[in-house]
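See below for the structure under consideration.
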Amino acid sequence: MYTHSWIVHPFSVFSLLSSNTVSANSEHRIFVNTSAPPNASLGIDPSFPGFAFEQAAFYNYAFDSSGNPNAFSQNLIHSVLKRTGGTPLIRVGGTSGDRAHFNTTQSFATNFPATEHGVHFHAPYLSVGLEYFDAFQQFPGAKYEFQVPWDQWENGPHQRNTLQWAEAGLHAIGMERLYSLELGNEANYYKRFNEDGTLDQATYIERYRTLEDVMKQKFPDLSSRKVFQALDIASAEAESLSVSEAFKLGLSESADSIKQVAYHYYQGHGINSMEELQDWVSHSRTEQQMEVFKPSITFLRENYPDIGLVLDEVGDNVGAKATKGNIWNCFATALWRVDFQLYAMSIGVARMNFQQIFNPRASMWLPVHSDTGGVPQVTANYYAMPFAADFIGDTGNTRVVALDLDDDDDGMIVAYAAYDDGALSRIGILNMRLWTLEDGDRLSRVISIRGMPDGVKEATVHYLFAGEGALQKHGITWKGLQWTVVSNGIEERVVHDSKVLEIVDNELQVGVDAMSAIIMEL
């Protein structure tokens, strides 16, 4: 039986000669190019790993229970972006904000604090006062993808609400910290565009451009900036309006003002068994579901290369739907988030923002005690963020490519290479095969990597590790580091588990356990 611990790392677990893990019969072979191949991505934005806060929850992530700036949240965000040198990009929006009302006379932040009500989507809708916008001052160095409400725009008073909301937000943020201005959220669900279940694409584009013009007239500084964010189509609805179709219908007339087009992405709607979890986290499913975005990415690259396609609301479980037992926000979903980010980089997604709501099933951390989320904590899903950031690196000129394996074990083994300034620098490998303590021996796949650069004699291997496997929620380590509420979100080393492996004749062999991920640095 595999030995485990939350703190003491069993070094033998990743060794090819381990007595505690069982090697599968097959060896997986990968060939890598020493320089970036033609199919490598364009340069990865150092700000690629971003954060999204549901409107109703943002205030409570920004402040602690005493009303002071929430250092716990600040530290967790900083710990990710310091690895790449990027700017923290924070999207604030979602359904709760799109239906919300700005009450200029309200003396408190919100009528439905997320600590008491969770994310409040339904009538009576969220109401925010001027105090709410103080939250935008609490994340030093960050820039914002700022959403203004549009859901009820056709009603005269709601037009005024949208402009007042925008004025308060832009004043709090400042033009220099405004990364993008998002007009509405998931407009494909608006009844005025979707009365018969089909998005009225042309009407949406026409009215989007009308609102854009209104915003420019109200805030003239927007007219000279490429800052608007279009589409924001709901998860699993990307086919309702592709980027090429949107531009053909008139969005091209706004191209000089648009910084990015956005879609939302969730892997699914709740997991009820381990069999479903295995399918959920498999690379095969991710690759299949991401196929819909590739034509839009190609269209922008060929026609509007200064406009990026972003996934600005991402999660493994849409709406934190109820799942059976402990099959939520666990090490398996964290590994999925790693694979999803690396794969998205490889196909040309410009950036992404992982959704934060007051629900332990989905959030990367819970910042304060709440009726809906329980005690403050760092959850399993957070660990995908520093891993992805370390894979990007800090050179500012990294390209990524997905590597071909001779046998990917039915989509369970996946590998990527990162090239800094054109040279092979890092290799990431994930084994998505589920494993828990109840399964007995933990199978380890042997990966043989060929084509390593001449003159490079060794590589340092870092591990994303959970001793109890797929369903473990706490005690996870990346590079031997942990992030906890006790450390106030500052990384602490709890074990030294990185290894140096020898490269012989331009070939390196490494074992990758079921339910684990590694990065090899050359």
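The values are calculated or read from the model by the stated rules, or taken from the named source; none is laboratory data. This is a predicted model, so every value here is computed, not measured. With ideal geometry, Cβ positions are generated from the backbone for all residues, glycine too; neighbour counts draw on all protein chains shown. For the accessible areas, the whole protein counts, side chains as well, though only heavy atoms, and no ligand, DNA or RNA atoms are used. Shrake-Rupley method; radii C 1.70, N 1.55, O 1.52, S 1.80 Å.
Inside the range 383-423, residues that are of a type in the set (Gly, Ala, Ser), open to solvent by 10 Å² or more (accessible area, probe 1.4 Å) and touching a Leu at 6+ places or on another chain (Cβ under 9 Å) make up a count of 2.
In this structure, Thr84 qualifies as outside any strand (DSSP E or B), of a type in the set (S, T, N, Q) and modelled with pLDDT of 95 or more.
Listed by first and then second residue, the pairs with beta-carbon distance under 7 Å, at least 6 apart or on different chains, first residue in the range 333-353 and part of a helix (DSSP H, G or I), second surrounded by 22 or more Cβ atoms within 10 Å (Cβ to Cβ) and charged (D, E, K, R), are Thr333/Asp316; Trp336/Asp316; Arg337/Asp316. Summed over the range 284-296, the residues that are more than 20 Å from Ala350 (Cα to Cα) and touching a strand residue (DSSP E or B) at 6+ places or on another chain (Cβ under 9 Å) give a count of 0. The single condition among (1) within 27 Å of the chain's Cα centre (by Cα); (2) more than 25 Å from Phe146 (Cβ to Cβ) that Asp200 does not satisfy is (1).
Restricting to the range 473-500, name every residue that is touching a residue at least 40 places away in the same chain (Cβ under 8 Å) and in contact with a Leu (Cβ under 6 Å, 6 or more places away or on another chain). Listed by number, the residues that qualify are Trp478, Gly489, Glu491.
Restricting to the range 133-155, and then to whatever is in a loop (DSSP other than H, G, I, E, B) and in contact with an Asp or Glu (Cβ under 6 Å, 6 or more places away or on another chain), can you tell me which residue is surrounded by the most Cβ atoms within 10 Å (Cβ to Cβ)? Per the criteria, the residue is Pro149.
Of the numbered criteria (1) crowded, with 21+ Cβ neighbours inside 10 Å; (2) under 18 Å from Gly184 (Cα atoms), the one His158 fails is (1).
In the range 490-513 there is at least one residue that is hydroxyl-bearing (Ser, Thr, Tyr), in a loop (DSSP other than H, G, I, E, B) and out of contact with any Cys (no Cβ under 9 Å at 6 or more places or on another chain). Just for the range 60-116: of the residues that are in contact (Cβ under 8 Å) with a residue 40 or more places away in the chain and aromatic (Phe, Trp, Tyr), which one is farthest from Leu231 (Cα to Cα)? Ranking the candidates gives Phe72 first. Condition (residue is open to solvent by less than 20 Å² (accessible area, probe 1.4 Å) and either on the phi > 0 side of the Ramachandran plot or in a helix (DSSP H, G or I) (or both)) applied to the range 120-132: is it met by at least one residue? Yes; the residues of the range 120-132 include at least one that is open to solvent by less than 20 Å² (accessible area, probe 1.4 Å) and either on the phi > 0 side of the Ramachandran plot or in a helix (DSSP H, G or I) (or both).
Quick one: how many residues across the range 170-186 are touching a helix residue (DSSP H, G or I) at 6+ places or on another chain (Cβ under 6 Å) and either exposed (fewer than 14 other Cβ atoms within 10 Å of the Cβ) or part of a helix (DSSP H, G or I) (or both)? Going through the range 170-186 one residue at a time, the tally reaches 3.
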